[in-house]
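My structure is below; once you've seen it, I'll send some questions.
The values are calculated or read from the model by the stated rules, or taken from the named source; none is laboratory data. This structure is a prediction, so every number in the text was calculated from the model and none was measured. Just the protein is used for accessible areas: all its heavy atoms, side chains included, with ligands, DNA and RNA removed. Shrake-Rupley method; radii C 1.70, N 1.55, O 1.52, S 1.80 Å.
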Amino acid sequence: MDGYEQECAEVFLKEQEKLLGEVVLETIEEAEDFLEECFATVLGSVEEIREYFDENGMDVHGMSEEEILESAEVFELPSGKYMVVEA
């Protein structure tokens with residue numbers, strides 16, 4: 001995640017239900033560990049997310065930018081970047 005660990009962990013801790021369906025993690029440390037285990041990736045644009053999904057076998061052809069950003073795996077970071085978490 002290259003230096004975004006704290007920011008990513010804070011966002012994921014706050015919004016984890018989007019992906020997990022329930023609150024599972026209670027601390028920043030737990031969130032950091034979870035994101036490390038899931039190989040969370042920070043990307044700079046929706047186009048990078050589209051390429052990432054495509055490279056990992058997810059069919060995103062025809063998906064709008066909004067649909068990509070609403071994917072359960074995508075979290076918008078305060079820095080303007082995006083984190084993709086595959087659980």
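Roll a 1.4 angstrom probe over the protein heavy atoms and tell me the percent of accessible area of the chain that is carbon or sulfur.
The C+S portion of the solvent-accessible surface of the chain is 43 percent.
So what's the back-of-envelope 222 nm ellipticity for the chain, counting only DSSP H runs of four-plus at -39500 (n - 2.57) apiece and dividing by all residues, rounded to 500?
After summing the helix terms and dividing by the residues of the chain, the value is -12500 deg cm²/dmol.
Let me ask another. Largest first, please: the extent of the C-alpha atoms of the stretch 12-75 along each principal axis, to the nearest Å.
Dimensions of the stretch 12-75 along the principal axes of its Cα atoms: 37, 19, 19 Å.
With a probe of 1.4 Å, find how much accessible area the chain has per residue, and write the answer as a whole number in Å².
Ligands and nucleic acids excluded, the figure is 62 Å² per residue.
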